[in-house]
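This report concerns only the one structure given below.
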Amino acid sequence: MREVLATLTDAGHEAVLVGGSVRDLLRGQPPGDWDVATSAAPEAVAGLFPGSTWLNRFGTVTVSPSRARPIEVTSYRSETGYRDRRRPDEVRFGVALERDLERRDFTVNAMAWRPADLETGDGELIDPHGGRADLAAGILRAVGDPASRFEEDALRVLRAVRFATGLGLQLEPATADAMRAAAPTTTEVSGERVRDELLRILGDPVALPSRALRLMLDAGVLAAVLPELAALAGVPQGKPLSGDALDHSLRTVDALPAGDPVLRLAGLLHDLGKAVTLADGHFIGHEEAGAEMAAAVLDRLRLPHADVARITHLVREHMFAYAPDWTDAAVRRFVRRVGPDALDDLFALRAADNLASGVAEPARGGIDELRTRIAEVAAAAPLATHQLAIDGFDLQAALGLPPSPEIGRLLGELLEATIEDPALNEREALLDLARRLAAPVD
């Protein structure tokens, strides 16, 4: 950061720290990222930093200082017109720093630090909108007219939720009123942008996600961006802990680890199906319905395919019922169905689900016992095809088969056989069985 500021100032340009980095320093917290703003035009910034990238019309150049993370350097600019409620129609560079700060969302993000001596760390706080006072008072306030700020960019409604709960701030009344009025416009925000804000909320290492989600519910934001989840409000639970299905889902999220926002998202969505399957006080098949609904939500949010598969699989499997009378083969079939790599996720979701319900996992027939059983059977028999005594190349050589889906089918059937009888996991026994299982080849 010092290197970037020094390079710009040595070239005769003004350069300041802005936004969240200044806010975090005032809070005594290490900034997650360093953001720099400058009077230099984007092309001048790019010329000062070989290898930098300038990818958009908003004047943000990404530079990579030596031995440091990339830093975004943005030229001072003003913005006008927001017809798509996302991007300004016109951007003008060459304005003063104070004009640049006017375009920002909240006062706590509209501060800058101008260095006087980079060696000593001396500098001046530029705070035309009272962000420091608001931060000290625990207030989140929009810059200027709050209705205009939310009208310019509907994503700011979600950012208001994240900053208020993540920083422990109270919404200033006019800002809160404008946020509620603008809540319906969040339907116009792209799925990717909603996803990113939601994952930041779920990944907060300190603030409980339920605080943000309840604020979203109260402000009408949840019904706009996650109507399937909002539909759980009022759905009865019948659990030892009071509350409806939405209360239960929010408690489940809070009980999952903050370091894994995707797993927390699975907890948030795990009971979506209850809103459409309630009949006579029961939710028969809600896990299957919920998995389909979760897939639709995640597709709308543009999550990566791997995350969609992970979450929908957990939603579909979260109602598993282990019993002490399961045979070893039944335990192995369970592991194969769930997948060895998904077990920790599934057990974490079950533990959070139980905690959110107010029920205790039984010592006999509970998760701990099932973990022990799994460890025992895993040591005695294969749980995946790569643990078989032979592989696809062995089948091709012994049976004269070409590479084809038939090889995969045979390996699957051989695994099923060894799940029932671990003694079969021996090379010659498996090849003999494969010869009997192989379909005729034309």
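Using r as the Cβ-Cβ distance of V276 and R99, and R0 as 56 Å, what FRET efficiency do you calculate, to the nearest 0.05? With R0 = 56 Å, the Cβ-Cβ based efficiency is 0.65.
With every protein chain present, what is the per residue accessible area of the chain (1.4 Å probe, Å²)?
Details: 20370 Å² over 442 residues.
For the chain, the per-residue accessible area is 46 Å².
If the chain linking D344 and R27 were pulled fully straight, counting 0.36 nm for each residue of separation and taking away their Cα-Cα distance, it would gain 110.5 nm. The phi torsions of the range 109-115, fed into the Karplus equation with coefficients 6.51, -1.76 and 1.60 and a -60° offset, translate into couplings of 9, 10, 10, 9, 10, 9, x Hz, rounded to whole numbers, with Gly and Pro shown as x.
Of the peptides 168-176, 142-150, the order by per-residue mean of other Cβ atoms within 10 Å, starting with the highest, comes out as 142-150, 168-176. For the range 371-439, the square roots a ≥ b ≥ c of the C-alpha gyration tensor eigenvalues yield an a/c of 1.5 or more together with a/b exceeding b/c, which makes the shape prolate. Amide H to amide H distances under 5 Å link F106 with V143, where only residues 5 or more positions off or on other chains count and H is placed in the peptide plane.
Suppose we keep just the DSSP beta bridges with both residues in the chain; what percent of those would be antiparallel, to 5? All intermediate terms of the calculation are to be shown ahead of the outcome.
Details: 23 of 29 bridges.
Taking every DSSP beta bridge within the chain, about 80 percent pair in antiparallel fashion.
Label positions at S78 and I284, each projected 7 Å from the Cα along the C-beta direction, are separated by 6.7 nm.
Net charge of the neighbourhood of A231, taken over other residues with C-beta under 12 Å away and scored Lys/Arg +1, Asp/Glu -1, is -2. Residue by residue, the range 230-236 carries 3J(HN,Hα) couplings of 4, 5, 6, 5, x, 7, x Hz when phi is fed to the Karplus relation 6.51 cos²θ - 1.76 cosθ + 1.60 (θ = phi - 60°); x denotes Gly or Pro.
For the pair R132 and E192, label points projected 7 Å from Cα toward Cβ lie 3.8 nm apart. The A363 and A147 beta-carbon pair, evaluated with R₀ = 60 Å, returns a calculated FRET efficiency of approximately 0.55. Here the range 110-261 has an Rg and Dmax of 17.9, 63 Å, counting Cα atoms alone. Between A233 and T62, the contour length at 0.36 nm per residue exceeds the alpha carbon distance by 57.2 nm.
The values are calculated or read from the model by the stated rules, or taken from the named source; none is laboratory data. Since we're looking at a predicted model, the values are computed, not measured. Cβ sites come from the backbone with ideal geometry, for glycine too, and all protein chains shown count toward neighbours. Surface areas here come from the heavy atoms of the whole protein model, side chains and all, with no ligands, DNA or RNA. Shrake-Rupley method; radii C 1.70, N 1.55, O 1.52, S 1.80 Å.
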